[in-house]
Amino acid sequence: MSTDFARRSKGFRAFALGLGLLSLAAPLRAGSILVFAAASMSDALKSAGAAYEKRTGETVEFSFAASNLLAVQISKGAPADVFLSADDKQMDLLAAQGLINKATRRELLSNSLVAVGLAGGPLSVSSAAGLASPEIAHLALADPRAVPAGVYAKKYLEAQGLWDALAAKVLPTGNVRGALEAVVSGNADAAMVYKTDALISKKVRILFEVPVKEGPRIDYPIAVVAASAQPKEAGRFLDFLASKPGLALFKGYGFLVPAAP
Amino acid sequence: MDTLRIFVFTASCAVVAVLLALPAATGLGWLLARKNWPGKALFETMTTLPLVLPPVATGLILLDALGRRGWIGAWVWSCFGADIAFTEKAVVVAMGVMAFPLLAGSARAAFEEVPRRQEDLARTLGLSEAQVFRRVSLPLARRGLLSGALLGYARALGEFGATITLAGAIPGRTETLASAIYSRLQLGQDDSILPLLLLSLAAAFCLVWVSQQWLRPPRGAR
Amino acid sequence: MIRLDFEGVRVRQGAFTLRVDGRLGAGTLGLSGKSGSGKTTFLELLVGLRPPDQGSVRLGGRVLDDAAQGLHVAPRKRKIGYVGQDADLFPHLDVRRNLLFGAARASAGAPALGSVVPALGLEGLLGRGVQGLSGLSGGERRRVALGRALLSGPEFLVLDEPFGGLDARARSLLRDSLKQLHRRFRIPWILVSHDPADLRGLCEKTFSIRGGIVSGI
């Protein structure tokens, strides 16, 4: 009897402990707005959120994931107030379903493409045409069929008339981080990635940057979600991000800011 | 500090998820092991699905049901004015659903291991079916149930796809060990991943070690 | 005193069919038969673990089974103590808890632990923990199983090959225990053995099963 009881009460104690920890670990913040954003922007957005809270006393929470997953979640009624996509396509999809407030949509940021090689490596490539040289046996790209960074890179290389020559040595990876890792690990000699990602890694160096005029437009659109229960608060945060101090924060992380109209 | 908090949150959610799923999974495991009923094969297949489907797909199905527009989510919203999706409850639900097939499968195997003779014997000694279950089947299946619970817990602890789909990855609210590693990976913050990885590794090591201790029968018994 | 009436009982098990007809009546009954003759099936029919496909079984005036009427009394309501061939003890319980397993449901006049333990010579085993269970000898296991069945307050005992696999000394110890039980508790039994000496020494009447057909009743 006594061991039976001890076993049962041990189980109960673990349960109570679990519940207790759960409630401790999860403070509920009422009244704050929820921003859905691409995982690649989480650092910049977190500091923007902190700056906004300090300035206004209003709280902002984020949920970070891949843009396409975020779009699906919003289409299924996720309680997001603001959507910041790493890709126009996802925002267009939501707009077509009437799920975002179109009047609030704007292109908040943009990015540029760069080619990278191993830091301290021997590559002497300094232009797009150089990618075709035999110095580069493998060129890593985020999957050019599906992942936006790869799609943009392919579009650019096609425009330069280089794609046919390069296609055979392209090494497709799951995402931008994968392309960078391929260079670091030596599986690829070079990669084309976003400038913001290239700047993060100390193990790679930028070979050349695609001039904004030659490259495809890489935009990060933002909008207030149509179903938001706090559209006014959401709009205020959006305005803050687009303000001078807001944009300055993003510049610090290597993002480009669209030229003032 | 952030690392520790994320770990404690993830571990607690997994504990609650497993404890909530365990009674139903144990009951189902027993039904599968001992009873025949119409639709058994269909039901069995359905509960195994989360094991086979891509976790994101499981998450999307859950989101369809529990989101504010889902049939369960809408009902909860109208009754209590509370969300399930994108809250810590969603983390628990996603983990519980992903762990469920492992719990039920282990329970089934554990009950199948219990000799029917022992249960029959208890019946001839005057025990009702409920008493046979509580005093013979359950204690004899204990070892298998415990190791199954541990396995399910390990699964819940590392679950990513279903959790991030149903609960998002809201720092300080629904961000788990797995989604924290994912978002830091996206940012290339290899240094801040390291403590998370070490904690995950330590937890996984302990779980596997303890489950092997439990699986090993004690000296002398049967 | 056992009084069992069988009417056209058929229990099918694959290609094998057990057939029982007639009446069994005695204080202690012995059953002989080769292995595979259907002894175990017959005993499982008695304790209710195997309902008949046809026919009816009555104990005293009480109907235990009636296939035609879909009547089947569950094993737990039969009050028939069963000690199987392997004398299975519950491996998760110590000796004492094994003994008392069915005692809570026994009726008021049933044997108590204080009288069963000395009758079966179990005094030295009561202190054994769960770990000690596997250290029990074959004879000890049977005596514990016997005590457990007795403490659940049965109307009679069904003993399936209680002497199987025991050495001469353990056999004679167990034989003495059974005699003791009978003297003290007047408990009737049906005992299965293939040793005529056991049957003669421990049972008033004997019957046998051959090829699934019960005869001598």
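The values are calculated or read from the model by the stated rules, or taken from the named source; none is laboratory data. Quantities reported herein were computed from a predicted structural model and do not represent experimental measurements. Note that each Cβ is placed from the backbone with ideal geometry, even for glycine, and that neighbours are counted across all protein chains shown.
Could you tell me which numbered condition C:G81 fails, if it satisfies all but one of (1) under 22 Å from C:L4 (Cα atoms); (2) more than 10 Å from chain B (Cβ to nearest Cβ)?
It is condition (2) that C:G81 fails.
Checking C:G60 against (1) under 20 Å from the mean Cα position of the chain (by Cα); (2) modelled with pLDDT of 90 or more, which test does it fail?
For C:G60, the failing item is (2).
I'm trying to understand the selection: among the residues of region C:85-97, which are facing another protein chain (nearest Cβ under 7 Å) and under 15 Å from the mean Cα position of the chain (by Cα)?
C:D88
Taking into account only those residues within region C:110-126 that are small (G, A, S) and at pLDDT 85 or above, which is nearest to C:H182 (Cα to Cα)?
Selected residue: C:A119.
Would you be able to say whether some residue in region C:144-162 is more than 8 Å from chain B (Cβ to nearest Cβ), assigned to a helix (DSSP H, G or I) and either free of Cβ contacts under 8 Å to residues at least 40 places away in the same chain or not hydrophobic (A, V, I, L, M, F, W, C) (or both)?
Within region C:144-162, one or more residues are more than 8 Å from chain B (Cβ to nearest Cβ), assigned to a helix (DSSP H, G or I) and either free of Cβ contacts under 8 Å to residues at least 40 places away in the same chain or not hydrophobic (A, V, I, L, M, F, W, C) (or both).
Which pairs have Cβ atoms under 9 Å, sit 6 or more apart or on different chains, and link a residue in region C:120-133 that is more than 14 Å from every other protein chain (Cβ to nearest Cβ) to one that is assigned to a helix (DSSP H, G or I) and among the small types (G, A, S)?
That search, which allows pairs on different chains as well, returns C:L120/C:G147; C:L120/C:S177; C:G121/C:S177; C:L122/C:G147; C:L125/C:G132.
Residues being of a type in the set (A, V, I, L, M, F, W, C) and in a helix (DSSP H, G or I): count how many of those fall in region C:122-143.
The qualifying residues number 2.
Using the structure shown, decide if B:G126 is within 19 Å of the chain's Cα centre (by Cα), within 14 Å of chain C (Cβ to nearest Cβ), crowded, with 21+ Cβ neighbours inside 10 Å and within 30 Å of C:L99 (Cα to Cα).
no
Restrict the check to region C:55-75 and report whether at least one residue is facing another protein chain (nearest Cβ under 10 Å) and part of a loop (DSSP other than H, G, I, E, B).
Taking every residue of region C:55-75 in turn, at least one turns out to be facing another protein chain (nearest Cβ under 10 Å) and part of a loop (DSSP other than H, G, I, E, B).
Return only the number of the condition from (1) within 30 Å of A:P79 (Cα to Cα); (2) out of contact with any Pro (no Cβ under 9 Å at 6 or more places or on another chain) that A:V224 does not satisfy.
Condition not satisfied by A:V224: (2).
Restricting the first residue to region B:133-145 and requiring it to be more than 12 Å from chain C (Cβ to nearest Cβ), which pairs with a second residue that is among the polar types (S, T, N, Q) and in a helix (DSSP H, G or I) meet a Cβ separation below 6 Å and a spacing of at least six or different chains?
Pairs found: B:G144/B:S106.
For A:K202, state whether it is within 30 Å of A:P245 (Cα to Cα), touching a residue at least 24 places away in the same chain (Cβ under 8 Å) and outside any strand (DSSP E or B).
For A:K202, the condition - within 30 Å of A:P245 (Cα to Cα), touching a residue at least 24 places away in the same chain (Cβ under 8 Å) and outside any strand (DSSP E or B) - is met.
Provide a single number: the residues in region C:132-143 that are among the aliphatic types (A, V, I, L, M) and within 18 Å of C:D167 (Cβ to Cβ).
1
Could you identify the single residue in A:L166, A:L123 that is modelled with pLDDT of 90 or more and either outside any strand (DSSP E or B) or over 28 Å from A:S42 (Cα atoms) (or both)?
Just a single option satisfies the conditions, and that option is A:L166.
If you check A:V151 against the conditions, is it part of a helix (DSSP H, G or I) and touching an Asp or Glu at 6+ places or on another chain (Cβ under 8 Å)?
Working: part of a helix (DSSP H, G or I): yes; touching an Asp or Glu at 6+ places or on another chain (Cβ under 8 Å): no.
Taking the combined requirement at face value, the residue does not satisfy it.
Which one of these does C:R97 not meet: (1) free of Cβ contacts under 8 Å to residues at least 12 places away in the same chain; (2) within 21 Å of C:Q180 (Cβ to Cβ)?
(2)
Answer with yes or no whether A:A50 is of a type outside the set (D, E, K, R), within 14 Å of chain B (Cβ to nearest Cβ), farther than 24 Å from A:G178 by Cβ and part of a helix (DSSP H, G or I).
Working: of a type outside the set (D, E, K, R): yes; within 14 Å of chain B (Cβ to nearest Cβ): yes; farther than 24 Å from A:G178 by Cβ: yes; part of a helix (DSSP H, G or I): yes.
So A:A50 passes the test.
Go through the residues of region B:76-93 one by one and say whether even a single one is within 12 Å of the chain's Cα centre (by Cα) and more than 11 Å from chain A (Cβ to nearest Cβ).
yes
Name the single residue, out of those in region B:165-194 being more than 21 Å from the chain's Cα centre (by Cα) and at positive phi, that is farthest from the other protein chains (Cβ to nearest Cβ).
Looking at the filtered set, the residue picked out is B:G172.
Return the pair list, or none, for Cβ contacts closer than 9 Å from residues in region A:56-72 that are more than 7 Å from every other protein chain (Cβ to nearest Cβ) and surrounded by fewer than 18 Cβ atoms within 10 Å (Cβ to Cβ) to residues that are of a type in the set (A, V, I, L, M, F, W, C) and outside any helix (DSSP H, G or I), at least 6 apart or on different chains.
Close Cβ pairs (under 9 Å, with a partner that is of a type in the set (A, V, I, L, M, F, W, C) and outside any helix (DSSP H, G or I)) amount to A:E58/A:I33; A:T59/A:I33.
Look at region B:139-168 and say how many of its residues are within 24 Å of A:L180 (Cβ to Cβ) and surrounded by fewer than 24 Cβ atoms within 10 Å (Cβ to Cβ). If you could, list the steps in order and put the result at the bottom.
Taking region B:139-168 and keeping what is within 24 Å of A:L180 (Cβ to Cβ), we get B:160-161, B:164.
Applying the additional criterion that residues be surrounded by fewer than 24 Cβ atoms within 10 Å (Cβ to Cβ) yields B:160-161.
Going through region B:139-168 one residue at a time, the tally reaches 2.
Starting from residues that are modelled with pLDDT of 80 or more and closer than 18 Å to B:I164 by Cα, keep the ones in region A:21-39 and report whichever is nearest to the other protein chains (Cβ to nearest Cβ).
Among residues in region A:21-39 that are modelled with pLDDT of 80 or more and closer than 18 Å to B:I164 by Cα, the one nearest to the other protein chains (Cβ to nearest Cβ) is A:A39.
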